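Below: the structure, in structure tokens.
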Amino acid sequence: MERSRIAVAGASGLIGSALVRSLTADGHEVVRLVRRAARGADEVCWDPEGRFVDAAGLVGCDAVVNLAGAGIGDHRWTDAYKKSLRDSRVLGTAALAEAVASLPDAPRVFVCGSAIGYYGDTGDRAVDEQAPPGDGFLSSLCVEWEEAAAAAREAGVRTVFTRTGLVVARGGGAWGRLFPVFRAGLGGRMGDGRQYWSYISLHDEVAAIRHLIDSDGLSGPFNLTAPQPLTNGEITAAMGRVLHRPAVVPAPAPALRLALGEMADEVLGSARVLPKRLLESGFSFAFPGIEEALRAALKE
């Protein structure tokens, strides 16, 4: 890929910061969207909930990547926090899509974050990008999130949705919380452990986003998950092996529901999601197995 100018919303988050590091290391110019006045040419002011973007700052960008949104697991899902989860994603995506569509020389591609929560609880059934949305809060949120990009798509901008699984990383997300628990020897399966977890290493997540930016023929939804989803029991056993700690302290479903509220349904639910379109596009995973992904995370 030739040197490009790429705007990134959510540049301070787990995936966004890793993407920015990868792009800048390869000599690309990164423009960060910030929620204050811009302090230089490498920043663009925006207010996602207020649906405002200083579109002039996006002029000359080859790609716009939207990874912004309040953390799914940062708080209990009260009505107020569910509104924050929705507004930060849906209103922010709509604002960026409208800004992209307004540019006389639009970017080549608009990459929008999404999640495998789109599919809901799939049980033992494996699903790919052709599967319909599921039920529940996260499913409806993902549907609205993706629909909010309509302005860019209707303006003819190639639009990609990254339906990301559980990112294996030491520095944040679900695994950022799991690593300390398992290191202390207090980890174990969650619920009955039979629910599928679809994961992806942080390295492969970033590589997949860059692959989708670079590949001019690709648009629509792509599942960013490793090729072989595993059950929670298999994954927690792998955590114990990699960390050389026992993984025998279970977290019963009632305890998880007491601690997490409605969000426990996502931990206990099963998501057996396959990256069919990503593999068909020629993408190759560096860390497809869970133990490989875990060891890569420990080296971050």
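The values are calculated or read from the model by the stated rules, or taken from the named source; none is laboratory data. What you are looking at is a predicted structure, and each value in this text was computed from that prediction instead of being measured. Cβ coordinates were reconstructed from backbone atoms using ideal geometry, including for glycine residues, and neighbour counts include every protein chain displayed. Side chains are part of the model used for accessible areas, which takes the heavy atoms of the whole protein and leaves out ligands, DNA and RNA. Shrake-Rupley method; radii C 1.70, N 1.55, O 1.52, S 1.80 Å.
Looking at (1) open to solvent by 20 Å² or more (accessible area, probe 1.4 Å); (2) within 19 Å of the chain's Cα centre (by Cα); (3) farther than 16 Å from residue 224 by Cα, can you tell me which one residue 153 breaks?
Unmet for residue 153, out of (1) open to solvent by 20 Å² or more (accessible area, probe 1.4 Å); (2) within 19 Å of the chain's Cα centre (by Cα); (3) farther than 16 Å from residue 224 by Cα: (2).
What pairs come out if I take residues in region 274-299 that are among the aliphatic types (A, V, I, L, M) and pair them with residues that are open to solvent by 60 Å² or more (accessible area, probe 1.4 Å) and modelled with pLDDT under 95 whose C-beta lies under 6 Å away, six or more apart or interchain?
297/170
Return the residue satisfying two criteria in turn: it lies in region 8-59 and is within 17 Å of the chain's Cα centre (by Cα) and among the hydrophobic types (A, V, I, L, M, F, W, C), and of such residues it is most open to solvent (accessible area, probe 1.4 Å).
Taking region 8-59 as the starting set, the residues that turn out to be within 17 Å of the chain's Cα centre (by Cα) are 8-22.
Filter once more, keeping what is among the hydrophobic types (A, V, I, L, M, F, W, C): 8-9, 11, 14-15, 18-20.
Numbers: 8: 0, 9: 0, 11: 18, 14: 51, 15: 35, 18: 12, 19: 0, 20: 8 Å².
Checked region 8-59; the qualifying residue most open to solvent (accessible area, probe 1.4 Å) is 14.
I want to confirm something. Restricting to region 238-270 and keeping residues that are open to solvent by less than 20 Å² (accessible area, probe 1.4 Å) and within 16 Å of residue 121 (Cβ to Cβ), which single residue is modelled with the lowest pLDDT?
Per the criteria, the residue is 264.
Given the options 185, 217, 193, name the one that is out of contact with any Leu (no Cβ under 8 Å at 6 or more places or on another chain), part of a loop (DSSP other than H, G, I, E, B) and open to solvent by less than 10 Å² (accessible area, probe 1.4 Å).
Values: 185 fails: open to solvent by less than 10 Å² (accessible area, probe 1.4 Å); 217 fails: open to solvent by less than 10 Å² (accessible area, probe 1.4 Å).
Every option except 193 fails the conditions.
Counting only residues that are open to solvent by 20 Å² or more (accessible area, probe 1.4 Å) and either touching a strand residue (DSSP E or B) at 6+ places or on another chain (Cβ under 6 Å) or at pLDDT 95 or above (or both), how many does region 104-115 have? Don't jump to the end; show me each part of the working.
Within region 104-115, the first condition is being open to solvent by 20 Å² or more (accessible area, probe 1.4 Å), and the residues that meet it are 104-106, 108, 115.
After this cut, where a residue has to be either touching a strand residue (DSSP E or B) at 6+ places or on another chain (Cβ under 6 Å) or at pLDDT 95 or above (or both) as well, the list is 108, 115.
Within region 104-115, residues that are open to solvent by 20 Å² or more (accessible area, probe 1.4 Å) and either touching a strand residue (DSSP E or B) at 6+ places or on another chain (Cβ under 6 Å) or at pLDDT 95 or above (or both) number 2.
Are there any pairs, at least 6 apart or on different chains, whose C-beta atoms fall under 6 Å, with the first in region 81-97 and charged (D, E, K, R) and the second in a helix (DSSP H, G or I) and open to solvent by 30 Å² or more (accessible area, probe 1.4 Å), and if so, which?
none
Please specify each residue of region 188-239 satisfying the condition of being in contact with a Gly (Cβ under 6 Å, 6 or more places away or on another chain) and on the phi > 0 side of the Ramachandran plot.
If the condition is that a residue be in contact with a Gly (Cβ under 6 Å, 6 or more places away or on another chain) and on the phi > 0 side of the Ramachandran plot, then 193 is the only one that fits.
Inspect all residues belonging to region 162-171 and state whether any of them is hydrophobic (A, V, I, L, M, F, W, C), over 27 Å from residue 103 (Cα atoms), out of contact with any Pro (no Cβ under 6 Å at 6 or more places or on another chain) and in a helix (DSSP H, G or I).
Checking region 162-171: not a single residue is hydrophobic (A, V, I, L, M, F, W, C), over 27 Å from residue 103 (Cα atoms), out of contact with any Pro (no Cβ under 6 Å at 6 or more places or on another chain) and in a helix (DSSP H, G or I).
Regarding residue 131, is this residue of a type in the set (Gly, Ala, Ser), out of contact with any Lys or Arg (no Cβ under 9 Å at 6 or more places or on another chain) and modelled with pLDDT of 95 or more?
Details: of a type in the set (Gly, Ala, Ser): yes; out of contact with any Lys or Arg (no Cβ under 9 Å at 6 or more places or on another chain): no; modelled with pLDDT of 95 or more: yes.
Criteria not met by residue 131.
Mind counting the residues in region 71-85 that are open to solvent by 10 Å² or more (accessible area, probe 1.4 Å) and either under 15 Å from the mean Cα position of the chain (by Cα) or among the acidic types (Asp, Glu) (or both)? Full working, then the answer.
First pass over region 71-85, keeping only residues open to solvent by 10 Å² or more (accessible area, probe 1.4 Å): 71-84.
Checking which are either under 15 Å from the mean Cα position of the chain (by Cα) or among the acidic types (Asp, Glu) (or both) leaves us with 71-74, 79.
Final tally of qualifying residues: 5.
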